[in-house]
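The values are calculated or read from the model by the stated rules, or taken from the named source; none is laboratory data. Values in this document were obtained by computation on a predicted structure and should not be read as measured data. Reconstructed Cβ throughout: ideal geometry from the backbone, glycine too, with neighbour counts over all protein chains shown. Quick note on the areas: whole protein, heavy atoms, side chains included, nothing else; ligands and nucleic acids left out. Shrake-Rupley method; radii C 1.70, N 1.55, O 1.52, S 1.80 Å.
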Amino acid sequence: MTGTAAGAAPAFVEVKRLAVTYGDAPILEGVSVGVAEGALVTIVGASGCGKSTFLRILLGQERPTGGTVAIDGAPIAPEPDPNRGIVFQKSSVFPHLTVRGNLMLPFEIAGGGPLARLFGARRRAARQKADAMMERIGLAHAADRYPAQLSGGMQQRLALGQALLPRPKILLLDEPFGALDPGTRREMQALLVELWRETGMTVFMVTHDIQEAFDLGTRILVFDKIRHDPQHPHAYGATITYDIPLKGPVAEALRPATPANLNVKDAF
Amino acid sequence: MRLINQRPGRVGAILLGAIPFALALAAYVVGSAVRRAENPQDKLLPSLEAMGTAFARMAFEADRRSGDYLLWVDTAASLERLAHGMLIAAGLAIVVGALIGILPVGRALLSPFVSAFSLIPPITVLPILFIVLGLGEAAKVGLIVVGTAPLMIRAVAQSVLDLPREEIIRAQTLGASTMQLTARVVLPQMWPHLVRAIRMGLVPAWIFLVSAEAIAATEGLGYRIFLVRRYLAMDVIIPYVLWITLIAYVLDRALALASRRLFPWAHLSGDAL
Ligand SMILES: Nc1ncnc2c1ncn2[C@@H]1O[C@H](COP(=O)(O)OP(=O)(O)OP(=O)(O)O)[C@@H](O)[C@H]1O
Ligand SMILES: [Mg+2]
């Protein structure tokens, strides 16, 4: 659960001297961290210090200016792939597909050829698997609704469920619950932890909620600038200033306030 | 209550909407009556009855020379040209718009050309079209395409570029290839914008259709209007103009309705005209 010492076998996710510069403004510099498989890493830091940028690099959406990122010993693919799922703060599920349509899409992409369409028995199988996930994230009652007809919490559950269907090894979450009310947020946290335990995937979660970061993570990374020039506040980039191992998801933090909330499915 | 918060009811809205029409009609009737009181032979503002008679003659009496029912022959000819022109323009908008919107390479290749092309005043191309394609249907359809395609291509391409970046990323994390992403994420969300682009394109399309027909045609709504202009036949021209307007209105409404039916998800929020 801690960074690899020099000479030890590389960790599952190995980031070495990562640097990102936009124009001539350094955003990240000297970011080195090794993360073991199955960790739930929470990331906190001041607004604008480069947390989302770090996730974009892990996702392969952007190339770093310097340094390397390797997953399972191999350099990361320079474009997004099904090994790395993502949930953004802003819902990014597909507005033209219903809840069920959104959850069927990963199967249609995997087995539906160039047009990503399944027919007959294979379509029914995909539909069954989609419905199972729909049940799992508590959206069975909203199967035929479009995302615009869902609440923010429901949209995020859909985004989470959809992101998990390709069975990513790594799940990246960028302030996924930031826009949710406290009750809904707790349910979402509980759901995330359950799914993380079931799948054994490695999770990176950016959050602005320090409590959430400590309650959920098996490890917390704090991003900040170590060097600071008062004359040129943007002269230096941020790096990881604290890297603290945690016990992992705190049971009582996740327990809903009232038993009525226990059933995630009826929450809305 | 503030004026910005006062909303008319259903009936109120219809009545309010009718007022400008009623005023325009009343102004015409009065003007026409005044002129005809001065000179019963006046042709500029014919009475409603005269226009009704002329319109009925065009619609329901066979022409003495050709034996055709002129209104329907003209309407069919014009609509056919319009349909062909819009079909080609829409096809171009889909293919070129998608290439520009989806592929950075496509954008680099085609976007400057489309931008430059869209600056050509289409009507100046008409003589070229007549010379190259002859005076037949092709030149008239061609003018409609030249006049509408660039703007439709740009509208469609922009709608693709406006898709949230997060959606495109997410589709890739689900494993989608470029083709799959196009087929399942981009194109389905492009269709409602294509319908909008067609509605938008129909406005210049009518202008270029009537212009082309005015110059070289043997039938068509624009041809007829410019033909009878020689005889100052306002009793035919005005009903024809209203008829064209009615067709344009019905087409626009039909497309708007089709979009609502076919793409309900695209109309879940916001007011649209
Ligand atoms: N495409 C870009 N071009 C130039 N600068 C950028 C770009 N994207 C982000 N930045 C800058 O990089 C810095 C880090 O941005 P980033 O979004 O990673 O911050 P963050 O830590 O996620 O902030 P927040 O907590 O507010 O989400 C910001 O100063 C931002 O202005
Ligand atoms: Mg951010």
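Straight distance only, please: which aspartates and glutamates reach the Cα of B:K43 with their own Cα at less than 15 Å, same-chain residues fewer than 8 apart left out? The qualifying aspartates and glutamates are B:D235. Potential lengthening of the chain between B:Y28 and B:I131 amounts to 32.9 nm, from the contour at 0.36 nm per residue minus the alpha-carbon distance. In the range B:174-209, comparing the full protein assembly with the chain on its own, the residues that lose 50 Å² or more of accessible surface at a 1.4 Å probe are B:L174, B:Q180, B:R184. Under a point spin-label approximation (7 Å from Cα along Cα-to-Cβ), what is the A:A121-B:R261 distance to one decimal in nm? Label at A:A121, label at B:R261, 3.7 nm between them. Rounded to the nearest 10 square angstrom, B:S259 shows an accessible area of 10 square angstrom against a 1.4 Å probe.
If the chain linking B:Y231 and B:V203 were pulled fully straight, counting 0.36 nm for each residue of separation and taking away their Cα-Cα distance, it would gain 7.3 nm.
Pairs of C-alpha atoms in the protein assembly as shown farther apart than 43 Å represent 41 percent of all such pairs.
Remark: chain B carries 57 Å² of accessible area per residue (probe radius 1.4 Å; ligands, DNA and RNA excluded). Against the main long axis of the alpha-carbon atoms of chain B, helix B:10-38 sits at an angle near 40°.
The distance from the alpha carbon centre of the range B:33-73 to that of the range B:209-273 is 20 Å, rounded to a whole number.
Chains B and A together bury roughly 2500 Å² of accessible area, counting both sides, with a 1.4 Å probe on protein heavy atoms only.
Work through the residues other than A:G113 whose Cβ is under 15 Å from its Cβ and net out their charges, Lys, Arg +1 and Asp, Glu -1. Counting the neighbours of A:G113, the net charge comes to +3. Using the Cα gyration tensor of the range A:119-177, with a ≥ b ≥ c the square roots of its eigenvalues, what is the shape: rounded (a/c below 1.5), prolate (a/b larger than b/c) or oblate (neither)? Oblate, because a/c is 1.5 or more while a/b does not exceed b/c.
Element breakdown for the range B:202-273 at a 1.4 angstrom probe: carbon and sulfur atoms account for 68% of the accessible area.
Could you estimate the translational diffusion coefficient of chain A from the Stokes-Einstein equation, with Rh from the Kirkwood formula over C-alpha pairs, at 10 °C and 1.306 mPa s, in whole µm²/s? So the translational diffusion coefficient is about 81 µm²/s.
In percent, what relative contact order does chain B have, based on Cα pairs under 8 Å that are 6 or more apart in sequence?
23 percent
The magnitude of the dipole of the range A:115-246, with charges of +1 and -1 set on the Cβ of Lys/Arg and Asp/Glu and taken from the Cα centre, is near 920 debye.
Stokes-Einstein diffusion for the range B:63-267, with the hydrodynamic radius set to the Kirkwood value over Cα pairs and evaluated at 4 °C in a medium of 1.567 mPa s, equals 69 µm²/s. Neighbours of A:A70, meaning other residues whose beta-carbon lies under 11 angstrom from its beta-carbon, give a summed charge of -1 when Lys and Arg score +1 and Asp and Glu score -1. The accessible surface of chain A, taken with every protein chain in place and a 1.4 Å probe, is 53 percent carbon and sulfur. Taking the range A:11-267 as the region of interest, the number of lysine pairs whose Cα atoms are within less than 23 Å, with members eight or more places apart or on different chains, is 12.
Please list the helices of chain A that count as membrane-span-like by this rule: a mean Kyte-Doolittle hydropathy of at least 0.0 together with Cα atoms stretching 15 Å or more along the helix axis, each helix being a complete DSSP H run. The answer, listed by residue number, is A:99-111, A:152-164.
Once R0 is set to 41 Å, what does the formula 1/(1 + (r/R0)^6) return for the Cβ-Cβ distance between A:A9 and B:Q158, expressed as a FRET efficiency to the nearest 0.05?
The computed FRET efficiency comes out at 0.25.
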